[in-house]
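Undergrad: Dumping the structure here so I can ask a few things about it.
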Amino acid sequence: MNSAEIIALSDQYILPTYGRLPFCPVRGEGALLYDAEGRAYLDFVAGLAVNALGHAHPAVTKAICEQAGQLMHVSNLYYIEPQARLAAALVQNSCASKVFFCNSGAEANEAAIKLARKYGKQNGASKYEIITALQSFHGRTLAAITATGQPKYQRGFEPLPEGFTYVPFNDLDALAAAITPRTCAVMLEPVQGEGGVYPADPQYLQGVRRICDEHGLLLIFDEVQCGLGRTGQLFAYQHYGVEPDVLTLAKALGNGFPIGAMLVGPKAVGVLQPGDHASTFGGNPLACRVALAVLEQLLAGGVVDNAARVGRYFYQRLQELQAKYPFVRQVRGLGLMLGLELEREGRPVVDACRARGLLINCVGTNILRFVPPLIISEADVDRALEILEQVFCSFS
Ligand SMILES: *Cc1c(COP(=O)(O)O)cnc(C)c1O
């Protein structure tokens, strides 16, 4: 099918929940995507921070093929070797003690919310309030949009579940003031993604940890987007010297194969008991085998160090752009999770870049977001910046 045919068929039969761009990728390799007409694009969106190892990574393809030919699904009635091995690898490389597997970021956060509420019922207590940040994003299930501190995701879906309180991000006094006798947990993204690429201040996260300890609250970090090497450390919390009690992961974990995980530290490891939570597909042999291959690449392949190094270079190059173009308001981010806030609409920039062979993303109305594969080189950054600058030039 050509692009026009793919678009027409989609518009006829798919519910219009997405405002899609008229672009039909059909094949990928590394940081490149090819559309139905065979045109190549440098992909600095990477499936929305998912394809950390790039497209069609041989180790991922091999894991999928081998495991699909051996065993794909059996249910959690039984013990599953790739699931156990993936859990061990995640625990051995994080602050967590045990893992629950699911299929997406929203499901991982849903599990964390349930765990936090059960934690709040311990020793006869009845705590259930969870404090989250304004401009946060935690997914699209009913509880996850309620945790998400942005009304635009909630409007029309009321009544929302009770028990969520929102505070401005990076404001420790506001967080301290929001705690009530019913608070059981605080849930934050160490680097806010969807809300506009805002990294937490180190003193803020350290202060949040202290306050949680003083009040016996669980600290939940949603690293669905910023985890797994994206920021130049395996986990974003490692930049801050602050360990959460619960850590949620998804996006890059399967490099595109659906899988999510909730990692639980010592403080909350005993909370969920048999029967408390479950997922039919969560932790299936295929997803876990793929994620294990991804994690092995991230750990052994120098991928995370590459993200840190190329991320620093990218940040510098964006600062040069800021110095040259007055409509660039701010450069933000960590590693290869970068944002460029403009004093103009971002969407025309996204479209003009795509027309020149570069895929980027816009969050909010005016923040360009760059979340390329973690395997890109400085030369890829140079190529992207060349296109971005051509576009900025044409707009000024
Ligand atoms: C994408 C995202 C989610 C939701 O993940 P899904 O897999 O789409 O459910 C949750 N939290 C953060 C921080 C995200 O970026």
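Undergrad: Please determine, in degrees from 0 to 90 and to the nearest 10, the orientation of helix 58-68 with respect to the longest principal axis defined by the Cα atoms of the chain, where the helix direction is its Cα long axis.
TA: Tilt relative to the chain: about 50 degrees.
Undergrad: Right, something else. Report the residue, chosen from Phe221, Phe281, Phe235, that carries the largest GNM mean-square fluctuation when the chain is represented by alpha-carbon nodes joined by springs under 10 Å.
TA: Phe281
Undergrad: At what distance in angstrom do the alpha carbon centres of the range 1-49 and the range 171-226 lie from each other?
TA: 36
Undergrad: Using mean Cβ contacts within 10 Å as the protection proxy, how do 149-155, 125-131 order, highest first?
TA: By packing density, highest mean first, the sequence is 125-131, 149-155.
Undergrad: Translational diffusion coefficient, Stokes-Einstein: compute it for the range 274-396 using the Kirkwood radius over C-alpha pairs as Rh, at 4 °C and 1.567 mPa s, and state it as an integer in µm² s⁻¹.
TA: 79
Undergrad: Further question on the same structure: Which one, Glu110, Glu320, Glu378, has the greatest fluctuation when you compute a Gaussian network model over the chain with C-alpha springs under 10 angstrom?
TA: Result: Glu320 has the largest fluctuation of those listed.
Undergrad: May I ask for the percentage of alpha-carbon pairs in the chain that lie more than 38 Å from each other?
TA: 19
Undergrad: Got a number for the accessible area of Asp380? Probe 1.4 Å, square angstrom, nearest 10.
TA: Counting only protein heavy atoms, Asp380 exposes about 40 Å² to solvent.
Undergrad: Still on this structure: Please compute the net charge surrounding Arg117, taking Lys and Arg as +1 and Asp and Glu as -1 over other residues with Cβ under 10 Å from its Cβ.
TA: +3
Undergrad: Loop only by DSSP, 14 or fewer other Cβ within 10 Å of the Cβ. Give me the trypsin sites (Lys or Arg not before Pro) in the range 1-91 that pass, ordered by residue number.
TA: Filter output for the range 1-91: Arg20, Arg39.
Undergrad: Can you pull out the trypsin sites (Lys or Arg not before Pro) in the range 193-251 that DSSP calls coil and that have at most 13 other Cβ atoms within 10 Å?
TA: Passing sites in the range 193-251 do not exist.
Undergrad: Sorting Ile7, Ile220 by accessible area (1.4 Å probe), largest first, what list results?
TA: Ile7, Ile220
Undergrad: Could you look at the range 305-396 and say what percent of its accessible area is carbon and sulfur, using a 1.4 Å probe and all protein chains?
TA: Percent of accessible area from carbon and sulfur atoms in the range 305-396: 46.
Undergrad: What does the net charge come to around Ala178 if you take all other residues with beta carbon closer than 13 Å to its beta carbon, with K and R at +1 and D and E at -1?
TA: It works out to a net charge of -2.
Undergrad: Using the Cβ atoms and a cut-off under 13 Å, what net charge is assigned to the surroundings of Val331, where Lys and Arg are +1 and Asp and Glu are -1?
TA: +4
Undergrad: Still on this structure, I have one more. Work out from phi, with θ = phi - 60° and the Karplus expression 6.51 cos²θ - 1.76 cosθ + 1.60, the ³J(HN,Hα) of each residue of the range 222-238, listed in order in whole Hz, and give x for Gly and Pro.
TA: Working through the residues one at a time gives 8, 9, 4, 9, 8, x, 6, x, 3, 8, x, 10, 4, 10, 4, 4, 5 Hz.
Undergrad: Kindly report the accessible area of the range 291-396 per residue (heavy atoms of protein chains, probe 1.4 Å, no ligands, DNA or RNA), in Å².
TA: Here the per-residue accessible area is 39 Å².
Undergrad: Roughly how much of Tyr325 is accessible, in Å² to the nearest 10, using a 1.4 Å probe?
TA: Tyr325 has an accessible surface of roughly 20 Å² with all protein chains in place.
Undergrad: In addition: Are there any GluC sites (Glu not before Pro) in the range 325-372 that are in a DSSP loop and have at most 13 other Cβ atoms within 10 Å? List them by number.
TA: Loop-located and lightly packed - Glu343, Glu345.
Undergrad: Roughly what % of DSSP beta bridges within the range 1-156 run antiparallel, to the nearest 5?
TA: Counting only bridges with both partners in the range 1-156, antiparallel ones make up about 90 percent.
Undergrad: Now, a different point. Probe 1.4 Å, all protein chains in place: accessible area of His239 in Å², nearest 10?
TA: Looks like 70 Å² after rounding.
Undergrad: Tell me, what is the per residue accessible area of the range 46-161 in Å², probe radius 1.4 Å?
TA: That works out to 50 Å² per residue.
Undergrad: Where a Cα-Cα gap under 12 Å defines reach, which aspartates and glutamates qualify for Lys118, not counting those fewer than 8 residues away within the same chain?
TA: Leaving aside aspartates and glutamates fewer than 8 places away in the same chain, those within reach of Lys118 are Glu129, Asp276.
Undergrad: Among the listed pairs Lys98/Lys127; Lys62/Lys98; Lys251/Lys324; Lys62/Lys114, which are separated by more than 31 Å between their Cα atoms?
TA: Lys251/Lys324; Lys62/Lys114
Undergrad: Indicate, rounded to the nearest 5 percent, the antiparallel portion of the DSSP beta bridges found entirely in the chain.
TA: Just about 65 percent of them are antiparallel.
Undergrad: Here's a follow-up. Report, for the range 158-295, the % of DSSP beta bridges that are antiparallel, rounded to 5.
TA: 45
Undergrad: Can you tell me which of Ser75, Ser377, Ser97 moves the most in a GNM of the chain? Springs connect C-alpha atoms under 10 Å apart.
TA: Of Ser75, Ser377, Ser97, the Gaussian network model singles out Ser75 as fluctuating most.
The values are calculated or read from the model by the stated rules, or taken from the named source; none is laboratory data. Being a predicted model, the structure only gives us computed values, none of them experimental. Backbone-built Cβ (ideal geometry, glycine too); neighbour counts: all protein chains shown. Note: accessible area is taken over every heavy atom of the protein model, side chains too, but ligands, DNA and RNA are not part of it. Shrake-Rupley method; radii C 1.70, N 1.55, O 1.52, S 1.80 Å.
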